[in-house]
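The block underneath contains the structure these notes are about, expressed in structure tokens.
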Amino acid sequence: MSKEALVQFVGFASKLRGREYTFTVRESSTEPREFTLTIANKAFNDHRVRYQDAPGICSLKLRHELATHANCPGGTHFDITDQDLEDYRSSHAHRTTQWAHARKSVDL
């Protein structure tokens with residue numbers, strides 16, 4: 001992905017098969033492009049993904065696709081796979097653990 005590309009989360013819509021997240025990618029030399037990424041309802045129902053993490057998961061996937069394909073991925077719609085969810089979970093596991101065990105300081 002070029003440094004000039006700006007990835008912006010636009011919003012989401014609930015669909016029959018899952019939640020569809022929309023992003024706009026802007027580059028200085030081209031018109032803005034719109035991408036959608038879908039997370040299956042089953043992933044939410046099975047507690048494999050939290051609603052508040054979904055935009056971040058989709059952003060990570062889209063940035064990966066842009067970087068892999070020199071900002072020109074083969075399509076404008078992507079499904080979030082179980083592997084995408086695991087990649088996100090493992091890349092954020094340390095942060096969760098760090099905060100879970102942090103001690104609060106007490107001012108006397």
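Scanning the stretch 7-53 for residues that are of a type in the set (Gly, Ala, Ser) and out of contact with any helix residue (DSSP H, G or I) (no Cβ under 7 Å at 6 or more places or on another chain) yields Gly11, Ala13, Ser14, Ser28, Ser29, Ala40.
Hey, among the residues in the stretch 11-29 that are among the hydroxyl-bearing types (Ser, Thr, Tyr) and assigned to a strand (DSSP E or B), which one's farthest from Leu85 (Cα to Cα)?
So the first thing to find is which residues in the stretch 11-29 are among the hydroxyl-bearing types (Ser, Thr, Tyr), and the list is 14, 21-22, 24, 28-29.
Those still in the list that are assigned to a strand (DSSP E or B) too: 14, 21-22, 24.
Values: Ser14: 19, Tyr21: 15, Thr22: 18, Thr24: 22 Å.
Within the stretch 11-29, the match that is farthest from Leu85 (Cα to Cα) is Thr24.
Looking across the stretch 17-29, the residues that are small (Gly, Ala, Ser) and at pLDDT below 95 come down to Ser28, Ser29. Within the stretch 74-90, being in a loop (DSSP other than H, G, I, E, B), in contact with a strand residue (DSSP E or B) (Cβ under 8 Å, 6 or more places away or on another chain) and either exposed (fewer than 11 other Cβ atoms within 10 Å of the Cβ) or not aliphatic (A, V, I, L, M) (or both) holds for one residue alone: Thr76. Can you find a residue that is at pLDDT 95 or above, assigned to a loop (DSSP other than H, G, I, E, B) and of a type in the set (A, V, I, L, M) anywhere in the stretch 30-38? Checked against the condition, which is being at pLDDT 95 or above, assigned to a loop (DSSP other than H, G, I, E, B) and of a type in the set (A, V, I, L, M), the stretch 30-38 yields no hits at all.
Got a sec? Which of Ser14, Ser91 is of a type in the set (Gly, Ala, Ser) and modelled with pLDDT under 95? Talk me through it step by step, then tell me what you get.
Working: Ser14 fails: modelled with pLDDT under 95.
So the residue among Ser14, Ser91 that is of a type in the set (Gly, Ala, Ser) and modelled with pLDDT under 95 is Ser91.
Residue under question is Arg63, and the condition is that it be of a type outside the set (Asp, Glu), loosely packed, with under 15 Cβ neighbours inside 10 Å, closer than 24 Å to Ala93 by Cα and under 13 Å from the mean Cα position of the chain (by Cα); does it hold? In short, no. Checking the stated criteria, Ala43 turns out not to satisfy the condition of being exposed (fewer than 12 other Cβ atoms within 10 Å of the Cβ), of a type outside the set (Lys, Arg) and either touching a Phe, Trp or Tyr at 6+ places or on another chain (Cβ under 6 Å) or at pLDDT 95 or above (or both).
The values are calculated or read from the model by the stated rules, or taken from the named source; none is laboratory data. The shown structure was predicted, so the numbers you read here are calculated from the model rather than taken from an experiment. So basically every Cβ, Gly included, is an ideal-geometry build from the backbone, and we count neighbours across all protein chains shown.
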